[in-house]
Each structure stands twice: as structure tokens, then as C-alpha cells.
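Q: Mind having a look at this structure? Questions to follow.
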Amino acid sequence: MALAGLFLILFLPVHLVINFMLLKSDPLPFNKAAQFMASFPLIRIIEIVLISAILIHIFYGIYIQLVNWRARPVKYAVQIRTKTSFFSKFMIWTGATVFIFLVIHFFNFYFMRLGLVQGNPEDFYSVAHSLFKIPAYNYIYLLCFILLGLHLYHAIISAFQTIGLNHRLWTPVVKAFAWIYAIIIPAGFAVISITIWQFR
């Protein structure tokens, strides 16, 4: 789960950079980038790896949570304060929210490209702008990215700890990186959403 999660973390900045092209008045750069991502053979292979990583991450996340719940099916009579963070306790729920967003995102874009839903896969620029003009879509989008930020913060720290980078020198660096990443990435997507919604 940690390795799949780290791979997904590498993909998000790429996706964000491409999405910033939505802020251009000319739809051609974004549509060209989208078509390149859909047609270039190497990208298609990476796409399969990406979807596999998402499924592996989700499967192991659910599996680990179920094992944890089964290990202690009855709550303690007395709640004792532990070092378990707020983020750790709610990872399954922030993850579930991100999953719901992925389903919506796939339905609006990926499934359209496959011809499973109606729309013009040659003009994802217009599709995205149309969606961001819907207030309810923006509220859901922004909420999901706030929760994604919470999920990313704990996920990055946990992933590096899982692969053995838990050290008095490295841990503060990882935590600082986690905070920066968990703020910048969701904020970047939020800027795109709000700009198109309010100013385009």
C-alpha cells in the first residue's frame, strides 16, 4: 500500500501542471496535452500502472482497516490517550472520500474517452470548464481536495516510515515535506476550480 501510494503521489504534480493549462484562454494547449496523454504508447502503459496502483492502494487500505477493526471489535471501556494522530484515525474515511471523487472524475473524463458516456473527448477543455461552472460540482471538488490534503499528510509520513525512513534526522524532513505537499497540491487544484468558476 505504501509503495502504490508513493507512486500516486508522484503522479499528482504532473496532473496539476497539465490542469493549469485550463486557465489559458486558448483551449488548444490543454486539449493537445490531453490527446497526447491518451494516445502516446508509453503513457498508455503508465496509465495501466497508475490504475493498478490505485486499485492496489484501495484494496490494501480496506484490508488493513478491516484487520484493525477485527483485532478490537469491542471498544475499550476507558479511552486512553495515545500518540495516534487525528489523521491516522480517519484515513479510511478521507480515503473513501477521495475514492468517491475518483469515481466522479473517471465518469466525467476517462469514461468519456472510452466512449462509455456522452461527450467530446477531443475537447476536454470545454468539458472541464462546463463542470467548473456548476456551483455544486465546485463545492464537492473543493471538499474532496481538502480531505485529500489531510489524507496526503498522514499518507506520506506513514509511507516513508513503512519503507524504513524513520530516523531522528529524516523524520522532521519528511514531516515538513508532507505538510508542504499536502497544502500545495490541493491548493493548486482549488485555484484552478475557483478561477474558472468565478472569473472565466
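Just so it is clear, none of the values below were taken in a lab; they were calculated from the coordinates. Remember, it's a predicted structure, so these values are computed and weren't measured experimentally. Cβ placement follows ideal geometry from the backbone for every residue including glycine, while neighbour counts extend to all protein chains displayed.
Q: State which residue pairs qualify: first residue among the small types (Gly, Ala, Ser) and inside the stretch 32-60, second residue in a helix (DSSP H, G or I) in any location, beta carbons under 7 Å apart, and separation of 6 or more residues or different chains.
A: Short answer, once both residue conditions are applied: Ala33/Ile18; Ala33/Met21; Ala34/Phe124; Ala38/Arg113; Ala53/Ala4; Ala53/Phe7; Ala53/Leu8.
Q: Would you check if Lys133 is among the basic types (Lys, Arg) and within 24 Å of Ala2 (Cα to Cα)?
A: no
Q: Select from the stretch 161-192 the residues that are in contact (Cβ under 8 Å) with a residue 60 or more places away in the chain and hydrophobic (A, V, I, L, M, F, W, C) and write down the one among them that is farthest from Pro13 (Cα to Cα).
A: Checking each candidate, the answer is Ile163.
Q: A further question on this structure: Is it true that some residue in the stretch 105-126 is assigned to a helix (DSSP H, G or I) and charged (D, E, K, R)?
A: Yes, the stretch 105-126 has at least one match.
Q: Then there is this: May I ask you to verify whether Phe11 is crowded, with 16+ Cβ neighbours inside 10 Å and in contact (Cβ under 8 Å) with a residue 12 or more places away in the chain?
A: Taking the combined requirement at face value, the residue does not satisfy it.
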